[in-house]
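Okay, so here's the structure we're looking at.
The values are calculated or read from the model by the stated rules, or taken from the named source; none is laboratory data. Everything quoted here is computed from the prediction, not taken from an experiment. FYI the Cβ positions are ideal-geometry reconstructions off the backbone, even for glycines, and counts take in every protein chain you see.
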Amino acid sequence: MSIFSGLAVGALLGWSLQRGGFCMNTAFRSILFREDRTALRAWILILLINLPIVALLENLGVLYPARAPFRPWALAVGGLIFGAGMVWAGGCVSGTYYRASKGMLGSFLALLGFFAGALAATTGALAPLRAALNMAEWTIAGEIPTLGHIWPADPWTGRWIAIGVLAIPGLVFLARSPKSRFYLGWNWPKTGFSVGILALAAWVFSSLEGRDYGLSLVQPTVAWASWTLFGDKGGLNWTAWMLLALPLGAFLAAWKAKDLRLRLPDPKRALIQFSGGLAMGVGAAVAGGCNIGHGITGLSALALSSLAATLFTMAGNWAATALIWHQTINKAAD
């Protein structure tokens, strides 16, 4: 059941990401730089689907969501590095996976960099730095803090207050969204609904093998890399099977859309994308998650750590984008 459900969810997720063109690098960048906000709307819809249902399933005792510890230095440093890496790589981790699956060799190089960076910060030369940044930890009454803890009420009531505070502006933003006049592939409601339902399925199927977390890309990436390089099978769980099928689903979606073709970056761009993937791997390992693990799964569980990691990722994304724009403007002026 673990293998079958993991492969099924992974293939459907890869298909949905590819057909929807969903990338959180674009979503985060559009907040500040006022680009097309299609990806941002899809991300908000994913959260609006998951926030109340994950909380309800926890209240009913169906799920017991694990939450990342609030380790401020790791979240800040890792989030900033990861956010900048997304820009240099040309996409977030999930975006890099599905773009590589349709023949974008620059994204494939970024993916190799992500593997290398995550391993370096987990078991390699950068592991002591990661351990040092993760030493300081904040708790509330001995518990991992959630958004439910910040309201003057018990955590259960505070959880639903937090969901309301987050959901109402999100619903208003989506309700006021202009109709898209032109798009390739799926529109944002279909993309957001599809990925949102699959994220919920990940919570349920993963919990059946005792893993109380939903979608994640960092842990299974490290698990497959460790098995490939060192023969270590310890990390091969539900998410490993999910990740194994994700590129296949993305490949099939690109094939159906007739979007399969090799795209070769120039040498300079190839080096930048590999470096961006390397930064994403290091940042995600340090922060304990990526745009999926923190930005969807962790936020769905109202983890304060995931909110902090996502905000610092946004800051890194904006800083790197602003730097590139500044360099482009200066080059044009010269």
**OP:** Sort through 294, 326 and tell me the only one that's under 19 Å from residue 31 (Cβ atoms) and surrounded by fewer than 20 Cβ atoms within 10 Å (Cβ to Cβ).
**Re:** 326
**OP:** Being farther than 16 Å from residue 40 by Cβ, within 24 Å of the chain's Cα centre (by Cα) and at pLDDT below 90 is the filter here, so list the residues in the stretch 160-187 that pass it.
**Re:** 184, 185
**OP:** Could you tell me whether the stretch 303-322 includes any residue that is at pLDDT 95 or above, small (Gly, Ala, Ser), over 26 Å from residue 34 (Cα atoms) and not in a helix (DSSP H, G or I)?
**Re:** yes
Subject >> Residues of the stretch 141-159 satisfying the condition of being in a helix (DSSP H, G or I) and surrounded by 19 or more Cβ atoms within 10 Å (Cβ to Cβ) >> reply: 147, 148, 149, 159
Subject >> Number of the exception - residue 103 against (1) on the phi > 0 side of the Ramachandran plot; (2) of a type outside the set (D, E, K, R); (3) under 18 Å from the mean Cα position of the chain (by Cα) >> reply: (3)
**OP:** Name the one entry in 100, 120, 68, 110 that is out of contact with any Ser or Thr (no Cβ under 9 Å at 6 or more places or on another chain), under 20 Å from residue 223 (Cα atoms), in contact (Cβ under 8 Å) with a residue 40 or more places away in the chain and surrounded by 16 or more Cβ atoms within 10 Å (Cβ to Cβ).
**Re:** 120
Subject >> Which listed residue, of 233, 258, 268, is surrounded by fewer than 20 Cβ atoms within 10 Å (Cβ to Cβ), over 23 Å from the mean Cα position of the chain (by Cα) and either modelled with pLDDT of 95 or more or within 25 Å of residue 201 (Cα to Cα) (or both) >> reply: 233
Original post:
For residue 91, which of the numbered conditions (1) assigned to a helix (DSSP H, G or I); (2) buried (at least 24 other Cβ atoms within 10 Å of the Cβ) fails to hold?
Top reply: (1)
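Is there a residue being without any contact (Cβ under 8 Å) to a residue 24 or more places away in the chain and in contact with a Leu (Cβ under 9 Å, 6 or more places away or on another chain) anywhere in the stretch 72-80?
No, that holds for no residue.
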Original post:
Within the set of pairs 6 or more residues apart or between chains, which connect a residue that is free of Cβ contacts under 8 Å to residues at least 24 places away in the same chain inside the stretch 165-176 to a residue that is assigned to a helix (DSSP H, G or I) with Cβ atoms less than 9 Å apart?
Top reply: 165/147
Original post:
Does at least one position in the stretch 236-250 carry a residue that is farther than 20 Å from residue 17 by Cα and exposed (fewer than 14 other Cβ atoms within 10 Å of the Cβ)?
Top reply: no
**OP:** Within the stretch 216-269, work out how many residues are touching a residue at least 40 places away in the same chain (Cβ under 8 Å) and closer than 27 Å to residue 295 by Cβ.
**Re:** 31
**OP:** For the stretch 132-140, indicate whether the set of residues that are within 22 Å of residue 54 (Cα to Cα) and surrounded by 13 or more Cβ atoms within 10 Å (Cβ to Cβ) is non-empty.
**Re:** yes
Original post:
Within the stretch 21-40, restricting attention to residues that are more than 15 Å from the chain's Cα centre (by Cα) and in a helix (DSSP H, G or I), which residue is surrounded by the most Cβ atoms within 10 Å (Cβ to Cβ)?
Top reply: 38
